[in-house]
1. Could you please let me know if Met68 is out of contact with any Gly (no Cβ under 6 Å at 6 or more places or on another chain), free of Cβ contacts under 8 Å to residues at least 24 places away in the same chain and not β-branched (Val, Ile, Thr)?
2. Let me confirm something: among Ala42, Ala114, Ala30, which residue is in a helix (DSSP H, G or I), loosely packed, with under 15 Cβ neighbours inside 10 Å, touching a His at 6+ places or on another chain (Cβ under 9 Å) and of a type outside the set (Asp, Glu)?
3. From Ala123, Ala85, Ala65, grab the single residue that is within 20 Å of Trp23 (Cα to Cα) and surrounded by 14 or more Cβ atoms within 10 Å (Cβ to Cβ).
4. Would you mind telling me which numbered condition in (1) of a type in the set (Phe, Trp, Tyr); (2) farther than 16 Å from Ile122 by Cβ; (3) out of contact with any helix residue (DSSP H, G or I) (no Cβ under 8 Å at 6 or more places or on another chain) Tyr52 fails?
5. Quick test of your reading of the structure: His92 fulfils all but one of (1) assigned to a helix (DSSP H, G or I); (2) more than 26 Å from Ile34 (Cβ to Cβ). Name the failing condition by number.
Amino acid sequence: MSFNTPISKVRGLGSARNGTHHWWMQKIAAVALIPLTVWFVASIVQMTKADYFTVISWLSSPIPAILMLIYIVIAIYHLRLGLQAIVEDYIHSEGMKVGLQFSILFGCTIIAVASIFSVLKIAL
């Protein structure tokens, strides 16, 4: 049973069928960020008085480096999903919407690549 009128089906004004997936991915990312953020904050608090070489040696260890990479990827993915939802909900001009979506994707990609490169450079 469809709740769309025949004219809305022709115009394509029905459900895009991707809102639920987007919502679930954002919630899963948020739940994954909870323990990772606790780990990250606890690690930073522990190192408030550490010198540069101590922090570098800590991030050179495999477990902190892997957790940091996972944290970066999930946090930036969650950021992109959140910004995308804001643009879809509050920007009504299609041209502006496409431009902002591209800018969000490009910006998040640049931040992710730079962050991952930085961690890998220290870890390896």
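No value in this document is a laboratory result; all are computed from the given coordinates. Source: prediction; values computed, not measured. Cβ placement follows ideal geometry from the backbone for every residue including glycine, while neighbour counts extend to all protein chains displayed.
1. Numbers: out of contact with any Gly (no Cβ under 6 Å at 6 or more places or on another chain): yes; free of Cβ contacts under 8 Å to residues at least 24 places away in the same chain: no; not β-branched (Val, Ile, Thr): yes.
Considered against the rule, which asks whether it is out of contact with any Gly (no Cβ under 6 Å at 6 or more places or on another chain), free of Cβ contacts under 8 Å to residues at least 24 places away in the same chain and not β-branched (Val, Ile, Thr), Met68 comes out as no.
2. Details: Ala42 fails: touching a His at 6+ places or on another chain (Cβ under 9 Å); Ala114 fails: touching a His at 6+ places or on another chain (Cβ under 9 Å).
Testing whether each residue is in a helix (DSSP H, G or I), loosely packed, with under 15 Cβ neighbours inside 10 Å, touching a His at 6+ places or on another chain (Cβ under 9 Å) and of a type outside the set (Asp, Glu) leaves just Ala30.
3. Numbers: Ala123 fails: within 20 Å of Trp23 (Cα to Cα); Ala65 fails: within 20 Å of Trp23 (Cα to Cα).
The match here is Ala85.
4. So the condition that Tyr52 fails would be (2).
5. (1)
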